[in-house]
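Read the structure below first, then the notes.
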Amino acid sequence: MSVLRFPVYRLHLAFVQIAIFIALFITYKLIINPVYEYSGFSADFSAETLVISCVLMSFLLFIGLYIRNEFLYACWQILFLFMFPGTAVFQVYNSVSINPLFAVSLFLFILAFSDVLSFRIKGFSLNINENDRNLYAFLLIVLLMILPFVLYLPYINLKNLFFIDIYKTRLIFREVQSSISGYLYSPLSRVALPALIVISIARKKWLLLVFSAFLLIYLFLCGAQKGVFIGLIAALLFIVGTYKFKPLFFSYLVLGLTVLGIMVFIIGNYLQLDASISNSITGVFIRRVFFVPPMLDAVYYEHFADTYLYYSHSFPMNLFVDYPLEKDLSMYIGQDVLNYIDMRANVGVVTESFVSLGYFGVVIISFIFMIIFSFLKNLNIEPMYFGIIFVYLFQMNSSYFPVLLATHGLLFMVLFFWLFLNNKKSINLE
């Protein structure tokens with residue numbers, strides 16, 4: 001691929017992302033600021049920040065055009081969509097530190113070098129796509145992981161299937177749930193069971209599909225957490241199409257929902273409908289996905305502007321560095337800084353790294369994910385499993401790294417792909 005040549009579909013995606021950027025600007029000015037100003041969304045426009053945002057966006061979009069590996073291209077483009085446009089729009093309209101915008105840009109820039117990173121790891125493969133023996137070996141592992149949840153049978157409430165007594169069940173499981181099942185919950189619901197459902201559909205193993213769906217429903221009943229279905233929804237959403245198609249599909253989905261949210265708001269106001277209807281799409285989807293994260297980022301950056309945490313909020317650095325706060329970090333920001341009762345103000349890996357060690361921390365986390373994505377790209381994972389990865393791309397913008405790695409199951413996902421979806425017995429990272 002020469003310096004001035006690239007596939008047309010990539011230029012197509014770049015224009016769609018620019019359209020999303022513009023649509024988010026309109027959404028913020030028309031809906032987010034007027035409706036949600038009370039929660040930190042002001043309208044202090046800065047032309048200087050707009051120029052900086054446009055320059056950075058142009059640079060990053062140019063970088064994205066030339067990522068050679070299609071798997072990395074898909075991951076990088078979706079990460080860009082989650083991290084950059086919303087942050088840029090929020091920065092333009094709020095008088096806050098511009099560091100979040102530079103930190104996200106630095107992270108995405110370094111991550112693009114996953115495309116050229118090269119090393120070699122010897123390994124083996126039990127690819128579940130190759131034969132039934134490997135598939136059923138993996139199914140056995142899943143059943144062993146489910147075993148701790150059998151202990152919760154006395155607490156199962158079938159009314160939860162109709163979303164009745166949800167909060168009552170959650171309170172019960174807060175008391176009875178063990179730490180082991182807590183660590184198994186996300187790997188099962190976001191990786192293992194969605195993968196079984198995807199391969200069941202692909203290979204037309206309908207009995208396995210029904211059984212996997214049953215296990216997922218049972219997992220939901222063990223705590224009534226609606227998030228258990230996020231992995232399934234993402235897996236089904238991205239089950240078709242090649243890697244080059246997936247970011248374009250998702251970008252059009254975001255653009256469509258953003259424009260629809262604007263139209264619903266305008267029509268709702270004209271017809272004087274209840275605000276819960278007029279703001280339904282923008283409030284539930286656009287605000288939470290694209291504007292709440294940068295708002296929380298701004299709070300973190302401002303609060304820790306004069307001191308770094310040095311990762312003392314999490315293991316293992318808390319063994320060596322004294323943690324200066326009396327509460328969990330996310331609870332401290334949510335409850336003591338933002339004054340919301342029981343709020344956990346979670347931010348992503350970039351902000352966590354910046355408040356821990358400044359731009360050097362951002363460089364460190366960038367190199368960690370550069371290695372992770374370089375490892376994954378050379379497993380030649382089938383595109384139909386991309387929905388599993390998509391969930392973790394989203395969570396990178398809303399979870400601390402140790403939580404993402406252990407509790408949310410990123411480490412399990414990497415090991416699962418290496419053992420059961422690896423299309424190379426010798427892993428070449430080039």
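The values are calculated or read from the model by the stated rules, or taken from the named source; none is laboratory data. Owing to the predicted nature of the structure, the values given are computational and were not obtained by experimental measurement. A quick note on method: Cβ atoms are made from the backbone with ideal geometry, for glycine too, and the neighbour counts reach across all protein chains shown.
For region 1-58, filtering for residues that are closer than 19 Å to residue 70 by Cα, β-branched (Val, Ile, Thr) and loosely packed, with under 13 Cβ neighbours inside 10 Å leaves 2.
Do we have residue 322 as modelled with pLDDT of 90 or more, farther than 22 Å from residue 100 by Cβ and either out of contact with any Asp or Glu (no Cβ under 9 Å at 6 or more places or on another chain) or buried (at least 16 other Cβ atoms within 10 Å of the Cβ) (or both) here? In short, yes.
Here residue 285 does not fit the description of being crowded, with 17+ Cβ neighbours inside 10 Å and of a type in the set (Phe, Trp, Tyr). Among the residues of region 267-279, those identified as surrounded by fewer than 17 Cβ atoms within 10 Å (Cβ to Cβ), part of a helix (DSSP H, G or I) and either on the phi > 0 side of the Ramachandran plot or without any contact (Cβ under 8 Å) to a residue 24 or more places away in the chain (or both) are 267, 269, 270, 276, 277.
Is at least one residue of region 6-16 at negative phi and touching a Phe, Trp or Tyr at 6+ places or on another chain (Cβ under 7 Å)? Checked region 6-16: at least one residue is at negative phi and touching a Phe, Trp or Tyr at 6+ places or on another chain (Cβ under 7 Å). Of all residues in region 315-337, those satisfying the criterion of being in contact (Cβ under 8 Å) with a residue 60 or more places away in the chain and out of contact with any Leu (no Cβ under 8 Å at 6 or more places or on another chain) are 315, 330. The single condition among (1) touching a helix residue (DSSP H, G or I) at 6+ places or on another chain (Cβ under 7 Å); (2) under 19 Å from residue 83 (Cα atoms) that residue 403 does not satisfy is (1). Of the residues making up region 32-84, those that are of a type in the set (D, E, K, R) and not in a helix (DSSP H, G or I) number 2.
In the list 151, 158, 117, 60, which residue meets the criterion of being modelled with pLDDT of 95 or more and either under 21 Å from the mean Cα position of the chain (by Cα) or not basic (Lys, Arg) (or both)? Checking each option against the conditions leaves just 60. Pairs please, first residue from region 146-163 and closer than 16 Å to residue 214 by Cα, second anywhere and surrounded by 14 or more Cβ atoms within 10 Å (Cβ to Cβ) and of a type in the set (Phe, Trp, Tyr), Cβ atoms under 9 Å, 6+ apart in sequence or on different chains. Listed by first residue and then by second, the contacts come to 146/218; 149/185; 149/218; 152/173; 156/218; 160/220; 161/220. In region 32-59, the residues that are touching a residue at least 60 places away in the same chain (Cβ under 8 Å) form Cβ pairs under 7 Å with partners that are surrounded by 12 or more Cβ atoms within 10 Å (Cβ to Cβ) and polar (S, T, N, Q), at six or more places apart or across chains, as follows: 33/42; 35/279; 41/33.
Kindly indicate whether residue 299 is within 17 Å of residue 337 (Cβ to Cβ), buried (at least 18 other Cβ atoms within 10 Å of the Cβ), of a type in the set (Val, Ile, Thr) and free of Cβ contacts under 8 Å to residues at least 12 places away in the same chain. It is false that residue 299 is within 17 Å of residue 337 (Cβ to Cβ), buried (at least 18 other Cβ atoms within 10 Å of the Cβ), of a type in the set (Val, Ile, Thr) and free of Cβ contacts under 8 Å to residues at least 12 places away in the same chain. The number of residues in region 9-66 that are of a type in the set (Gly, Ala, Ser) and under 24 Å from residue 285 (Cα atoms) comes to 8. Look at residue 355 and say whether it is closer than 25 Å to residue 82 by Cα and part of a loop (DSSP other than H, G, I, E, B). Here the answer is no, as residue 355 does not meet what is asked.
Residue 20 meets each of the listed conditions (1) closer than 24 Å to residue 386 by Cβ; (2) without any contact (Cβ under 8 Å) to a residue 60 or more places away in the chain; (3) among the β-branched types (Val, Ile, Thr) apart from (2).
In this structure, residue 409 does satisfy being out of contact with any Gly (no Cβ under 9 Å at 6 or more places or on another chain), of a type in the set (Gly, Ala, Ser) and buried (at least 22 other Cβ atoms within 10 Å of the Cβ).
Output yes when any residue across region 358-365 is outside any helix (DSSP H, G or I), among the small types (Gly, Ala, Ser) and modelled with pLDDT of 95 or more, and no when none is. No - not one qualifying residue is present in region 358-365.
Of the set (1) free of Cβ contacts under 8 Å to residues at least 60 places away in the same chain; (2) closer than 28 Å to residue 240 by Cβ, all apply to residue 413 but (1).
Residues of region 379-404 that are within 17 Å of residue 72 (Cβ to Cβ) and in a loop (DSSP other than H, G, I, E, B): 379, 380, 381, 382, 396. Can you tell me which residues in region 167-189 are in contact (Cβ under 8 Å) with a residue 60 or more places away in the chain, of a type outside the set (S, T, N, Q) and more than 17 Å from residue 139 (Cβ to Cβ)? Hits for region 167-189 are 182, 183.
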